[in-house]
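To start, the structure itself, in structure tokens.
The values are calculated or read from the model by the stated rules, or taken from the named source; none is laboratory data. Because the structure is predicted, anything quoted here is derived from the model rather than measured. Glycine also receives a Cβ, built like all others from the backbone with ideal geometry; neighbour counts cover every protein chain displayed. For the accessible areas, the whole protein counts, side chains as well, though only heavy atoms, and no ligand, DNA or RNA atoms are used. Shrake-Rupley method; radii C 1.70, N 1.55, O 1.52, S 1.80 Å.
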Amino acid sequence: MNSTTDNSVPTVRTRADLLRQVAAWKRAGETVGFVPTMGALHGGHLSLVEKAREKASRVVVSIFVNPTQFAPGEDFDTYPRTEESDLQKLASVNADLAYLPGVEEMYPDGSLTNVRVESMSDLLDGLFRPHFFYGVATVVARLFLHAQPDVAVFGEKDYQQLQIIRRMVRDLGFPIEIIGAPTARDADGLAQSSRNLYLSAEERRNAGALQAALHRAAKRIGAGTLPSEALGEATALLASAGFGKIDYVSLVDPGTLQDLPDEVLAPGSAARLLGAAWMGKTRLIDNISVTR
Ligand code: AMP
């Protein structure tokens, strides 16, 4: 284990070193919480570390920009990589260890084995990024095997991802408790995201409209407005706020992610409203719970 300066966090870069530390903790009766990230850490990531800290006596954070979840032409090469400041931020929230594997460590000899959570991976974001959730499930399964945590924390910000991971853990019987943590937001409601760094000043000013439109639609559906009408209004609001292509605004079953047609949402039932839209060259996503 590499212990760096005082205001940084210890790091390991290999599966063997990580396992050695995790095994020592477990032998000493400690529990391990795990937060997988792609780095460029912001308040949202740090809130997951704090949540993990409530659930376990040790917290491991991985930073790995996972090539298998990027399609050709997406931003794998330009994705922000800010290792030094990430490690300082992790120290500020008392993370115990950062796992920084290279591609060779995560995919030794390439990868012939992938994890596909069928059907849930093919709708919503999966329609627009067909490879994406296969890459996510595959890397998270591998990270779970490397870190062997008791608990892992994921953000509700990526709601479809959270539900897919829950399903993978259930289907494959990983002995890991999955915790969903609320979305950390800027003052205007915009969900914090590493990709917000791509927004120009003007785009950033307009981007808060995504959360505002979802929030308004969720309130109206909750109060009895037909979902189709509220979703139409949300789409129009996004367009007028400067969003270009709107990939989807959808009301779905919170567990299965299947579309909820107007007639299905019974009083008292819960749903999830999700949206994805482009602000300039940046694709933003957000979601909110709906209770009728
Ligand atoms: P990423 O680095 O974007 O892959 O995200 C790593 C983890 O942080 C995932 O579980 C995300 O859902 C979570 N996350 C990202 N943004 C936020 C946010 N604004 N609030 C809470 N969790 C977040």
Filter segment 102-122 for residues that are of a type in the set (Ser, Thr, Tyr) and open to solvent by 20 Å² or more (accessible area, probe 1.4 Å); which is nearest to residue 166 (Cα to Cα)? 119
Out of 159, 79, 99, I need the residue that is aromatic (Phe, Trp, Tyr), surrounded by fewer than 21 Cβ atoms within 10 Å (Cβ to Cβ) and not assigned by TED's automatic domain parsing to the domain that holds residue 274. Which one? 79
Do the conditions hold for residue 58, that is, is it away from the ligand (no atom under 16 Å from the Cβ) and surrounded by fewer than 19 Cβ atoms within 10 Å (Cβ to Cβ)? no
Give me the residue from segment 192-233 that is closer than 30 Å to residue 80 by Cα, surrounded by fewer than 18 Cβ atoms within 10 Å (Cβ to Cβ) and at pLDDT below 95 and, out of that set, nearest to the ligand (Cβ to nearest atom). 195
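Condition check: open to solvent by less than 20 Å² (accessible area, probe 1.4 Å), of a type in the set (A, V, I, L, M, F, W, C) and closer than 19 Å to residue 278 by Cβ. Does residue 87 satisfy that?
Numbers: open to solvent by less than 20 Å² (accessible area, probe 1.4 Å): yes; of a type in the set (A, V, I, L, M, F, W, C): yes; closer than 19 Å to residue 278 by Cβ: no.
Spelling it out, it is not the case that residue 87 is open to solvent by less than 20 Å² (accessible area, probe 1.4 Å), of a type in the set (A, V, I, L, M, F, W, C) and closer than 19 Å to residue 278 by Cβ.
Residue-by-condition table, conditions (1) outside the structural domain of residue 279 (by TED's automatic domain parsing); (2) in a helix (DSSP H, G or I); (3) touching a residue at least 24 places away in the same chain (Cβ under 8 Å):
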{"site": "204", "(1), (2), (3)": "no, yes, no"}
{"site": "211", "(1), (2), (3)": "no, yes, yes"}
{"site": "214", "(1), (2), (3)": "no, yes, yes"}
{"site": "219", "(1), (2), (3)": "no, yes, no"}
{"site": "243", "(1), (2), (3)": "no, no, yes"}
{"site": "247", "(1), (2), (3)": "no, no, yes"}
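Looking at segment 79-183, what strands (runs of 3 or more DSSP E) fall wholly within it and have at least 2 residues that are free of Cβ contacts under 8 Å to residues at least 60 places away in the same chain? Walk me through how you get there before you give the answer.
Working: elements: 97-99, 151-155, 177-181.
Ranges flagged: 177-181.
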Hits in segment 249-271 (condition: open to solvent by less than 30 Å² (accessible area, probe 1.4 Å) and in contact (Cβ under 8 Å) with a residue 60 or more places away in the chain): 250, 252, 257
Condition check: more than 22 Å from residue 272 (Cβ to Cβ), within 15 Å of the ligand (Cβ to nearest atom) and either of a type in the set (Phe, Trp, Tyr) or open to solvent by 50 Å² or more (accessible area, probe 1.4 Å) (or both). Does residue 187 satisfy that? yes
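Among the residues that make up segment 31-47, is at least one of them more than 16 Å from the ligand (Cβ to nearest atom), at pLDDT 95 or above and closer than 17 Å to residue 152 by Cβ?
Yes, some residue in segment 31-47 is more than 16 Å from the ligand (Cβ to nearest atom), at pLDDT 95 or above and closer than 17 Å to residue 152 by Cβ.
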